[in-house]
Each structure stands twice: as C-alpha cells, then as structure tokens.
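The values are calculated or read from the model by the stated rules, or taken from the named source; none is laboratory data. Note that the structure is predicted; figures quoted are calculated from it, not measured. Quick reminder, even Gly has a Cβ in these numbers, built from the backbone with ideal geometry, and neighbours come from all protein chains shown.
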Amino acid sequence: MSKRITVYTTNNCAYCLMVKKYLASKGHDYDEVNVELNPDRRQEVIDISGARTVPVTVITDDNGQRQVAVGPNYGLIASALA
C-alpha cells in the first residue's frame, strides 16, 4: 500500500527542516507546501490539523485515510508510515 506524504512548512522553521531530513533519511518522498510562499494554503493547514503552527505532516493512504502529525512527532510519523 502506498502512502502520500505532504509536509506543510515555512521558510525559517527548524522543526520543518528536521521533519524533512527525517523523512529523507527513511527514504520517503514527500510533497512540501510552504505556506509563506503559498499563503492561500495556510487555512488548509488549520482545517486539517487545527494548528496554526508548522510543520504539519499529513500521511494519506490509498483509501483516503489520513493521519496528521503536528510538529516533529517522529513516533506518529513512523507509525503512520508503517
């Protein structure tokens, strides 16, 4: 089963960089949405996560089920990708 990963970020977010490095170190491809460069997508992050902060990592499976990790929550990210 394949999973789609989207990471919502900003330009100077150290935690965002950490999450991206974590995913890369595990060999996972992901789509990045920088909400500073795409301000029209900022509300999308809030709607998905309830958070006004980044990173927000969304892992969506083939059935459309998604798990959302706010911040550098590596345990939840790993669990969602297993």
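Brief remarks follow.
- Look at the range 27-44: where a residue is within 19 Å of Leu17 (Cα to Cα) and assigned to a helix (DSSP H, G or I), no partner that is modelled with pLDDT under 95 and among the small types (Gly, Ala, Ser) sits 6+ places away or on another chain with Cβ atoms under 8 Å.
- Per the listing Val58, Val19, Val68, the residue uniquely in contact (Cβ under 8 Å) with a residue 40 or more places away in the chain and closer than 13 Å to Ala80 by Cα is Val58.
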